[in-house]
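The structure appears right after this line, and notes come after that.
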Amino acid sequence: MAGLLAMLVAFAVTVHAAPAVAAPTKPATTMNLGQSYRLTASLDVPAGRIRVIEQVTLTNRAAHPIDHVNLSVLPRAFGYFAFTGQVRVGGEPAATRWTTRTNLRVALGRWLDRGETISIRVPFRLTIGSSGGAFTARTSRDRGVISFGEWFPILSRPHDSYGVGDPQVTNTADRIQLDLTTTTRLPRHTVACPGMTHAPEVRGRHWTCVSEKVRDFAFVVNPQFRLTTRTVDGIQLRIYTESVDGSMTANKARNAVDRLNNRYGMYPWPDLVLAEVGAADGFSMEYPRIIHLTRSKVTDSYVVNHEVAHQWFYAQLGNDQMREPWLDEGFADFTARWLMGVGEFQCSGREVDSPVFAWPAGRTSGGDWQSCDGYFHTVFYKGTEFLNAVRGRMGSQAFYNALRDYIAGHRFRIITTRGLLDFMDGRTDANLRPLYRTYLDAYD
Ligand SMILES: [Zn+2]
């Protein structure tokens, strides 16, 4: 007791004698935040307009205090986005600034210490048009179908929209909830979303979707949707289509999930949604627990397998998709080809781990996707060639065991080229370094 009292006295004296502890002076932020999102939305389908009140709850898990965060708002690159009120932090009006066309810097108005929680309120609307090209299956409106992908302000590292690759870098959120009300009564299967907890019996105006442990949340709206379902290993697959019967897509997706559960470890969520968007062409797109398929690819074996593979490489193992796109695209291509029994073919002279910026492009279009030295051959197909070379050197069993263990140890996190490949190297007596140096910039 006495000792403690003496210490307290000494501590009090010390504090009293010392100058006041200076608050941090340099701006600071982090991606290491507990995150949950609640999106309360009103949707006018014919007008392509959605009005949203977004509530973000953030807990600082970094070792240092922060005074601002960065939210990525990709629809702004298309002119779809507008605020409908003041951004508020903890109920108080917040200072915000666009540091790129799509990065919204939000000042917290104070220092948020480790372990502290704060809420941000972002009221906004989107007026959605046809996005085309690489953005066809993201946020877009075509043939009366509205797809919502990378659609709401989400915690990110600062970046901008870009025409090559997937311009989004997000960490896993604890929970993302959508409460959707439509302006008119619509059929039950109009809304395709993961984690649907409420929908009208037959027709109605209210849907609720709740997704946990996901790095993004996407959905598709089409009053003409038909639903096809399957179950695999207790996971419900829901396939929403308009232009074709969903059974062929459903069977392909079920086969892929079944085989990938065995190969890479169990899919960790209770459902997986595949939904057809309105546009015929352009690229299909993966999101956690949901896949957006363009009309010409709804039954395409490669596309279904590739996008299902992204549920492991991207949705579970996240990566910086702008700086190291091969970590999800190379693995998705490798996995789709394995599922289909198709070998690789590539003619790229570039390094597999090239960033998307290796291909000059505009904010929302452009870029060399198709040529030999283009994005597909380099990041996807040569990525597969590289992974097959690593597998050959390690032996298939050692390769897949190591990969499976790595996924189990890094699920829901962001991985890096070096982190993954050093791990693989540690799981074999074979010398992988010459291969790494041949194919990758990271090991030069
Ligand atoms: Zn992909």
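Please treat every number below as a calculation from the coordinates, not as lab data. This structure is a prediction, so every number in the text was calculated from the model and none was measured. Reconstructed Cβ throughout: ideal geometry from the backbone, glycine too, with neighbour counts over all protein chains shown.
Please express the Cα-Cα pair-distance distribution P(r) of the chain as a list of whole percents, one per 20 Å bin, running from 0 to the bin with the greatest distance.
24, 54, 18, 4, 0
Can you find, among Val356, Ser243, Thr84, the residue sitting farthest towards the positive end of the charge dipole of the chain, where Lys and Arg contribute +1 and Asp and Glu -1 at Cβ?
With unit charges placed on the Cβ atoms, the residue in question is Thr84.
Every cysteine in the chain with no other Cys Cβ under 4.7 Å from its Cβ, please list them in numeric order.
none
May I ask you to evaluate 6.51 cos²θ - 1.76 cosθ + 1.60, the Karplus curve with θ = phi - 60°, for each residue of the range 78-86 and list the ³J(HN,Hα) values in order in whole Hz, giving x for glycine and proline?
Once rounded to whole Hz, the list reads 9, x, 7, 9, 8, 5, 10, x, 7.
Given N residues in the range 270-397, what is its alpha carbon radius of gyration divided by 2.2 N^0.38 Å? Before the final figure, lay out each step's value.
Values: Rg = 14.6 Å, N = 128, 2.2 N^0.38 = 13.9 Å.
Output field value: 1.05.
Anyone know which of Arg411, Arg61, Arg51 comes out most mobile in the 10 Å Cα GNM of the chain?
Arg61
Multiplying the sequence separation of Asp405 and Asp422 by 0.36 nm and subtracting their Cα-Cα distance, what value in nm do you get? Can you show the working numbers first?
Numbers: separation 17, 0.36 × 17 = 6.12 nm, distance 1.35 nm.
Going from the current span to full extension adds 4.8 nm.
Would you pull out the residues with amide H under 5 Å of Ala28's amide H, same chain only if 5 or more places away, H placed 1.01 Å from N?
Asp67, His68
Mind checking which aspartates and glutamates have their C-alpha under 14 Å from Lys297, skipping anything on the same chain fewer than 8 residues away?
Qualifying aspartates and glutamates at Cα under 14 Å: Glu242, Asp245, Glu276, Asp281, Glu286, Glu307.
Can you tell me the dipole magnitude for the range 124-169 around its Cα centre, using point charges on the Cβ only (Lys, Arg +1; Asp, Glu -1), in Debye to the nearest 20?
Details: 5 positive and 4 negative charges, 32 e Å.
Value, rounded to 20: 160 debye.
Can you tell me the relative contact order of the range 201-279? Whole percent, Cα pairs under 8 Å, sequence separation 6 or more. Don't skip to the answer; put the middle values down first.
Values: 78 pairs, mean separation 22.8, N = 79.
Relative contact order here is 29 percent.
Which shape class, rounded, prolate or oblate, goes with the range 310-364 when its Cα gyration tensor gives a ≥ b ≥ c as root eigenvalues, a/c under 1.5 marks rounded, and past that a/b bigger than b/c marks prolate?
On the way: a/c = 2.31, a/b = 1.27, b/c = 1.82.
Oblate shape, in that a/c is at least 1.5 and b/c is the bigger or equal ratio.
Could you give the nm distance between label points at Gln397 and Asp174, where each point is 7 Å from its Cα heading toward the beta carbon?
4.3 nm
Compute the Cα gyration tensor for the range 37-195, then decide on rounded, prolate or oblate, letting a ≥ b ≥ c be the square roots of its eigenvalues: rounded whenever a/c is under 1.5, prolate when a/b is larger than b/c in the other cases, and oblate in all that remain. List each step's numbers first, then the result.
Working: a/c = 1.94, a/b = 1.55, b/c = 1.25.
It is prolate, given that a/c is not under 1.5 and a/b is the larger ratio.
First measure r as the distance between the Cβ atoms of Thr197 and Arg143, then evaluate 1/(1 + (r/R0)^6) with R0 = 41 Å and state the FRET efficiency to the nearest 0.05.
Values: r = 28 Å, r/R0 = 0.69.
For Thr197 and Arg143, the calculated efficiency is 0.90.
Using label points projected 7 Å from each Cα along Cα→Cβ, tell me how many nm separate Thr438 and Asp373, to one decimal.
2.1 nm
Rounded if a/c is under 1.5, else prolate if a/b is larger than b/c, else oblate: which is the range 223-333, with a ≥ b ≥ c the root eigenvalues of its Cα gyration tensor? Working shown, then result.
Numbers: a/c = 1.97, a/b = 1.24, b/c = 1.60.
In terms of gyration-tensor shape, oblate.
Give me the extension gain from Asp160 to Arg114: residue separation times 0.36 nm, minus the current Cα-Cα distance, reported in nm with one decimal.
On the way: separation 46, 0.36 × 46 = 16.56 nm, distance 2.79 nm.
Computed gain between Asp160 and Arg114 is 13.8 nm.
What are the ³J(HN,Hα) values, in whole Hz, obtained from phi via the Karplus relation 6.51 cos²θ - 1.76 cosθ + 1.60 with θ = phi - 60°, for each residue of the range 407-415 in sequence order, with x given for Gly and Pro?
My calculation for the range 407-415 gives 4, 4, x, 10, 4, 6, 10, 9, 9 Hz in order.
Expressed in nm to one decimal, what extension gain is obtained for the pair Asn262 and Arg97 from 0.36 nm per residue of sequence separation less their Cα-Cα distance?
Values: separation 165, 0.36 × 165 = 59.40 nm, distance 4.66 nm.
Here the answer is 54.7 nm.
Just how large is the dipole of the chain about the Cα centre, in debye to the nearest 20, putting +1 at every Lys and Arg Cβ and -1 at every Asp and Glu Cβ? Walk me through the numbers before you get to the answer.
On the way: 49 positive and 42 negative charges, 206 e Å.
Using Cβ point charges on Lys, Arg, Asp and Glu, the chain gives about 1000 debye.
Under 26 Å from the Cα of Lys213, which lysines turn up, not counting those fewer than eight places away in the same chain?
Result set, ordered by chain and number: Lys252.
Based on alpha-carbon centroids, what's the gap between the range 26-102 and the range 301-363 in Å, whole number please?
Here the two parts' Cα centres lie 29 Å apart.
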